[in-house]
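See below for the structure under consideration.
Values in this text are rule-based calculations from the coordinates and carry no lab data. The structure displayed is predicted, hence computed values, not measured ones. Cβ placement follows ideal geometry from the backbone for every residue including glycine, while neighbour counts extend to all protein chains displayed.
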Amino acid sequence: MTALKATPTTPPPRLPVRDKAAAGDRAWGGVSPMLTRLAAEEATGVLVRERGSLHLVGGRVVHAESPSAPSLDLLLTARGTLRAEAWQAAAEATDERHATTRLLLDGGLLSPGALELCHLGALYDAAYFVLAPSSTPGRFRYGVTHPLGGVRPVPVAALERETLRRRDLLHRVWPDAATDAAPLVRAEPVAPPAITSRQAAVLDRVDGVRTAPDIARLLGRRAYPTLLDVRRLVSAGLVSPRPPTPAAAPPPAVTDRADVTDPDITLLKRLRDALEAL
């Protein structure tokens, strides 16, 4: 018997291992592949999506705006941080070299700390809605800058992580997202639970017409914390989305006149047939 001599074989290549740290930097679970790509190429411009827009400078987000979130000027002026007249004057004086925020800072009308805190709150607030799942593709316009100017740029990875965290928190409080955009109505539970003063202010403004973003603007608050308050009120049985209005019944179908039988005509036909039979 001839013994077979074993021949050395090349070991198979090792399977790739995902770098967890790198995945964390990329905000694993990517909210917007286009935004991730724009960050990688350090793009400058505006990303327009279904529910708002994100302004980027060098691949970082410097401003966000959405119809569902109160604007920066509303948040600054609603609580007396800045006079509305001062904001209006700075906005009208803005040009290519002087951003609105820079004019306010240079004029001593607003402190850097107050502006940064309010700006970041408004940015994350609006970005939550801008990065919501969408049925339409986003588009990016290169080179477009925002007249407000940058205050504190936010890395895309940090913005995506915060967006995912906020989605998860809302889902844990109340999983039905219908409360975020529908008109809200009050319920009358037999034994209403205790609520916080913030929630009471929201509840007082529920009138069957206003939505959570409407109430946020009315109170001069950020929209996302208001969404949380609303979902907690829904969970407590104090608020619910207004049921949709029933569709109007369709008008009765008009029958062709040729198919309509008049009783008198029928009687005449019978008489005629009887006479012909005689």
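Backbone phi angles across region 211-225, fed through the Karplus curve with coefficients 6.51, -1.76 and 1.60 (θ = phi - 60°), yield HN-Hα couplings of 9, 4, x, 4, 5, 4, 5, 4, 8, x, 10, 5, 6, 4, x Hz in residue order; Gly and Pro are listed as x. Amide H to amide H, with H built 1.01 Å from N, Val239 comes under 5 Å of Ala187, Val234, counting only residues 5 or more places away or on other chains. By the count of neighbouring beta-carbon atoms within 10 Å, fewest first, Glu188, Glu162 end up ordered Glu188, Glu162.
Across region 137-150, computed HN-Hα scalar couplings (Karplus, 6.51 cos²θ - 1.76 cosθ + 1.60, θ = phi - 60°) run x, x, 9, 10, 10, 6, x, 7, 10, 9, x, 5, x, x Hz from first to last residue, x flagging Gly and Pro. Over region 83-174, the alpha carbon radius of gyration divided by the compact-protein estimate 2.2 N^0.38 Å works out to 1.32.
In terms of packing, defined here as the mean over residues of other Cβ atoms within 10 angstrom, the peptides 84-93, 124-133 line up highest first as 124-133, 84-93. Sorting Leu184, Leu54 by the number of Cβ atoms found within 10 Å of their own Cβ, with the fewest placed first, yields Leu184, Leu54.
Phi angles of region 49-59 translate, via the Karplus equation with coefficients 6.51, -1.76, 1.60 and θ = phi - 60°, into HN-Hα couplings of 10, 4, 10, x, 8, 10, 9, 10, 9, x, x Hz per residue; Gly and Pro are given as x.
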